[in-house]
Every structure is written in structure tokens, then in C-alpha cells.
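Just below is one structure, and these are the notes that go with it.
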Amino acid sequence: MASLGHEVVAVDVDKEKVALFNTGVAPFYEPGLEELLKKVKTLTFTTDISQAADCDIHFLCIGTPQKESALQADLSALERAVEEVTKIAKPNSLIVGKSTVPVGTAERLAENLQKVKPSVELNWNPEFLREGHAIADTLQPNRIVIGASNSANGEKLANFYREVSPGAPIFITNFPTAELVKVAANAFLATKISFINAMSEVADATGADVSLLADAIGADDRIGRKFLGAGIGFGGGCLPKDIRAFLARADELGLSETLHFLKEFDLINQRARTRAVALALRELGNPKGKKVAVLGAAFKPDSDDVRDSPSLEIAETLHTLGAHVVVHDPRALESAAAKFPELSYENSIEETLAGADLTMHLTEWVEYRALDPAKFYKLVKVPTIFDGRNVLDVEKWQRAGWKLLALGRSL
Ligand code: UGA
């Protein structure tokens, strides 16, 4: 928003993050973000919410993670933020929720706001950006969804977006539809991934090749190849917790049967991780003392986010079983080490692979695809690599003498 000329006050409760941002450093990795931060002149960071009192629009970008011991989303941080922002919001300003919330939340918040500050409107405007593509997804979104108490109340925000992102389709709707668009989109993406991973299980049992299957069914543009990447499944702070929160909400609405398939897809996703561990164990025999080189810690490439990372769960399981697991990642080593201090971490790919009994490619950073397998053939103890993302050039690795393993494919 600041890069487009708006004056922006970014408020966070985390003093350390705010301090870092104020020195031009982003506390997480997102391609292009630091460069953009250096360019913008109208963006300030603060922990003092009163500095935002003069703003015309207040965007709520608050995390709604899964509760510790339940499927539901934890809305406590969001509720606190709404309370704080309501106190300082000036008359006729707009509060815009971007957080992913259970359907019904926005209506409830809007009713409360109406009682406390009737001149301030609430809109719900779900966020669809992907980590690793956050800037492009924000500046050129493929759609803008605005939930409001009536369509006239959504127009102010729609006008704002018409200037910010000209050409992007804008859907103005009621609160429940806006909330549902978000969870339905993530549930659909999770469904696609788990569907292809279910096919991967069938392929394992029958000798079919899941990658070619994905290419062939994906060539039908009604199906599409995107998000049919079979492998160790989805992780991160969104897809897993969003389908669980959706299941919990469906239960409350008396619709548990309707969304029961999401439970199955969650299980298929979990199984992809255990299938990878089983494959590793088949290869290693007794894992005790064996060195396993893990390429990739982040839940996806171009991010240092390790929340519910399939890669780290697999690494941690093998470590627990006695293997010596060494993890490499171009960006996520710090966040991985903070979460799993018991694993070993290496900055150099050479050191990671040196003497390895098994190499596991678990996050598809472009760096890994560019590796020269011939160079590493002599460095490892056993030249076997598991491609957990099905993106490595099979022929290139096999030509260099490596044995390739994958889920849903016999290579
Ligand atoms: C996801 C959605 O794609 C965004 O539209 C949404 O805004 C975001 O969640 C959110 O709710 O905030 P993100 O979590 O950044 O974005 O990551 P994705 O690109 O969706 O990937 C999620 C996981 O699925 C990753 O672990 C990735 O490796 C895995 N994946 C993706 C597969 O296993 N196979 C595929 O074919 C594609």
C-alpha cells in the first residue's frame, strides 16, 4: 500500500519485530520484501496503536492459528485487536478484516461494532496471498472479495481497490459468503493435493506412475495440473489448520457429514509423511547411527516458514528413531533450529551430503533442482535420493549413478 503512495502505519504487539522493521529488516523471508521496504517512504512501524487513530482504513491482518488442543481456530488475538482498534478508530473510518475466520465471525463482530461505534463500518476482505509470492499476489490479486452488511457498505473499500489493483475482479457480498470463499478456496486446494496423494497410494499398490497420471489428468483444463504435485503433502500455517477449523465449524453447524471428506484428506496428508518415513526405513534398514541428509526445511520453497513443515516432521521422526539427521535449507535454518533444536543443521550442501546413507529432497527449492548429481555422487556414502516433491530430473540423477526413490512412482 505504501509503495502505491498511501500513508501506512503498521502496528504490531511484537516489539522485536517492530524494531527490526524500523531498521529496514524483515523478520521473515519473503522474496523482494526488503528491497520494497527500502524504497517506500510512507510506511512506519509502531507498537503504539494510537498512532493509527487518524487512519481512514484499518486492516486487521491477525493470525488465527489452530487452538492447542482442538481443531478450532484461536480467535483470541483477533478479538483483542478488534477491541483495540475500535477504541481508536475515528468516525466514518473503516475496519477491514483480512484474517481467515470461521463463518459467522464477521457478522458477530459487526454487530458489536454497531453497538459501540455505529459510525465505523466493518468489512471482511479475505487474503489469498501465497507465501513466497506475497508481493505480486498483493499488488496484482486475481480477485478481491469484500463482505459487508450491505453492498453500499462495501463500495468504499471497492473504490479503494479499484485504484490499488485496477482490473482485478471485485466481488461484493455478505459476510458469510466472504468468509466461506476463503475457507472453501483453501479446502479445495487441500483437496486437490490430497486427491493426487491418494492416487499416489493407489499407484504404489499397482505400479502406476503418479506424476504421469497428474500430467495426463491435468491436461484436461477442467481439472488443471496446478496443485496436483504429489509427494509428502501440504503443510504451513494455512491449509492444514484451515481444513481443521472448517471441520470444527461444520460440526457446530450440524454439517459434520457434509465436510467429512476433509477429515479423510487430512489423514491422506498425514499419511504422505508416514509413507516417506517408511520408505526411508526400508532403505536404511536399522536407522540407528545412519546419516540422513535432508534438503529443505521450510514448508514450501521461497519461504522461511516452518509451521507444520512436512519436511521437518519427517526429519524429526527419523531423528527419534535414531538416525543422524542433518538438515539444509537456503533460508529456513534459523526458524527450523528454533523449533527442532535437537536436529543438526548445515549451511553447506556439501557438508550436509558428506557421508550420507540416504538423501531426502523434501522442499523443492530451485537450488536443489539445479544440483549436479555427478558432483555429489562420491561425496555421499550411499547414492540414494528420495524425491519427496517429484520434481528432480530422474534421468539426470540416474545417469550420474544415483538410485531415485519416490512415492507413487517406481523409478
Ligand atoms: C495457501 C493458499 O495457496 C493461499 O491462496 C492462501 O492465501 C494461504 O494459504 C493462506 O490461507 O494464507 P500458502 O500456505 O502460502 O498459501 O502455500 P501453498 O502454495 O498453498 O502451499 C501449501 C502447501 O501445499 C505447501 O506445503 C506445498 O508444498 C504443498 N503443495 C502445493 C503440494 O504438496 N502439492 C502441490 O501441488 C502444491
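What residues qualify as long-range amide H neighbours of Ala354, i.e. H under 5 Å apart, gap of 5 or more or another chain, H built at 1.01 Å from N?
none
Quick one: which residues, 5+ away or cross-chain, put their amide H under 5 Å from the amide H of Asp304? H built at 1.01 Å from N.
Tyr29
When the accessible area of the chain is computed with all protein chains present and a 1.4 Å probe, what percentage of it is carbon and sulfur? Spell out each step's value before the answer.
Working: 10980 of 19820 Å².
Accessible surface attributable to carbon and sulfur in the chain totals 55 percent.
For the stretch 115-217, with the dipole built from +1 on Lys and Arg beta-carbon atoms and -1 on Asp and Glu ones, taken about the Cα centre, which of His133, Asn159, Thr191 lies farthest toward the positive end?
Most positive-ward Cα: Asn159.
Any idea what % of Cα-Cα pairs in the stretch 196-263 are farther than 14 Å?
Roughly 67 percent, rounded to a whole number.
Provide, as a two-decimal number, the C-alpha radius of gyration of the stretch 253-295 over 2.2 N^0.38 Å, N being how many residues it has.
On the way: Rg = 16.7 Å, N = 43, 2.2 N^0.38 = 9.2 Å.
Relative to the 2.2 N^0.38 Å estimate, the stretch 253-295 comes out at 1.82.
Want the number for Leu212 to Cys61: 0.36 nm per residue separation, take away the alpha-carbon distance, what's left? It would help to have the intermediate numbers written out before the result.
On the way: separation 151, 0.36 × 151 = 54.36 nm, distance 3.96 nm.
Fully extending the segment from Leu212 to Cys61 adds 50.4 nm.
Dividing the convex hull volume of the alpha carbon atoms of the chain by its residue count, what do you get in Å³ per residue?
Once divided by residue count, the hull of the chain is 155 Å³.
To the nearest 10 Å², what's Asp220's accessible area with a 1.4 Å probe?
50
Considering only C-alpha atoms, what is the centroid distance from the stretch 268-303 to the stretch 249-267, in Å?
Using only Cα atoms to place each centre, the spacing works out to 29 Å.
For the stretch 100-185, count the residues as N, evaluate 2.2 N^0.38 Å, and divide the Cα radius of gyration by that value, please.
Here the answer is 1.10, to two decimals.
Where is the GNM fluctuation largest for the chain (alpha-carbon springs, 10 angstrom cutoff): Ala148, Ala356, Ala136?
With Cα springs under 10 Å in the chain, the top fluctuation among Ala148, Ala356, Ala136 is at Ala136.
If the convex hull of the alpha-carbon atoms of the stretch 1-156 is projected onto planes in all directions, what is the mean projected area in square nanometres?
9.8
Within the chain, which is the longest segment containing none of the GluC sites (Glu not before Pro) that sit in a DSSP loop and have at most 11 other Cβ atoms within 10 Å? Display every interim value, and only then the final one.
Working: sites that count: Glu68, Glu257, Glu342.
With a cap of 11 other Cβ atoms within 10 Å, the longest stretch comes to 69-256.
Please give me the summed charge of the neighbours of Leu267: other residues whose Cβ is under 13 Å from its Cβ, Lys and Arg +1, Asp and Glu -1.
It works out to a net charge of +2.
Counting just the Cα atoms, what span does the stretch 293-411 cover along each of its three principal axes? Round to the nearest Å and put the largest first.
Here the spans come out as 38, 26, 25 Å, largest first.
Across the stretch 306-363, what fraction of all alpha-carbon pairs, as a whole percent, falls in each successive 5 Å bin from zero upward?
It works out to 4, 19, 34, 30, 12, 1, in whole percents.
Past the 29 Å Cα-Cα mark, which pairs from Lys17/Lys87; Lys41/Lys117; Lys67/Lys87; Lys98/Lys300; Lys226/Lys396; Lys192/Lys375?
Lys41/Lys117; Lys192/Lys375
Keeping all protein chains in place and using 1.4 angstrom, which order do Ser69, Ser50, Ser344, Ser311 fall into by accessible surface area, from largest down?
I get Ser69, Ser50, Ser344, Ser311, largest accessible area first.
Note the full-extension length gain between Arg108 and Glu350 as 0.36 nm times their separation in residues minus their Cα-Cα distance, in nm to one decimal.
Roughly 81.6 nm would be gained on extension.
Just add up the charged neighbours of Asn390: K/R +1, D/E -1, any other residue whose Cβ is under 9 Å from the Cβ of Asn390.
On the way: positive: Arg389, Arg409; negative: Glu364, Asp387.
Neighbour charge sum, excluding Asn390 itself: 0.
Percent of alpha carbon pairs in the stretch 87-238 separated by more than 20 Å?
59
How would Ile146, Ile223 line up by accessible area, probe 1.4 Å, largest first?
Working: Ile146 0, Ile223 75 Å².
In descending accessible area the options line up as Ile223, Ile146.
For every helix of n ≥ 4 consecutive DSSP H residues, a contribution of -39,500 (n - 2.57) applies; sum these over the chain, divide by its total residues, and give [θ] at 222 nm rounded to the nearest 500 deg cm²/dmol.
-13000 deg cm²/dmol
Not counting ligands, DNA or RNA, and with a 1.4 Å probe, what is Tyr29's accessible surface area in Å² rounded to the nearest 10?
Roughly 50 Å² of Tyr29 is accessible to a 1.4 Å probe.
Antiparallel versus total DSSP beta bridges in the chain: what percent is that, nearest 5?
About 5 percent, rounded to the nearest 5.
What is the Cα centroid distance between the stretch 79-93 and the stretch 171-232, reported in whole angstrom?
Taking the Cα centre of the stretch 171-232 as reference, the centre of the stretch 79-93 is 39 Å away.
Multiply the residue gap between Ile135 and Ala338 by 0.36 nm, knock off their C-alpha separation, and tell me the result in nm, one decimal place.
70.4 nm
Go through Ile170, Ile268 and list them by solvent-accessible area, largest first, probe radius 1.4 Å.
Largest accessible area first, the list is Ile170, Ile268.
The values are calculated or read from the model by the stated rules, or taken from the named source; none is laboratory data. Quick caveat: nothing in here was measured; it's all calculated off a predicted structure. Note: ideal-geometry Cβ built from the backbone for every residue, glycine included; neighbour counts use all protein chains shown. Side chains are part of the model used for accessible areas, which takes the heavy atoms of the whole protein and leaves out ligands, DNA and RNA. Shrake-Rupley method; radii C 1.70, N 1.55, O 1.52, S 1.80 Å.
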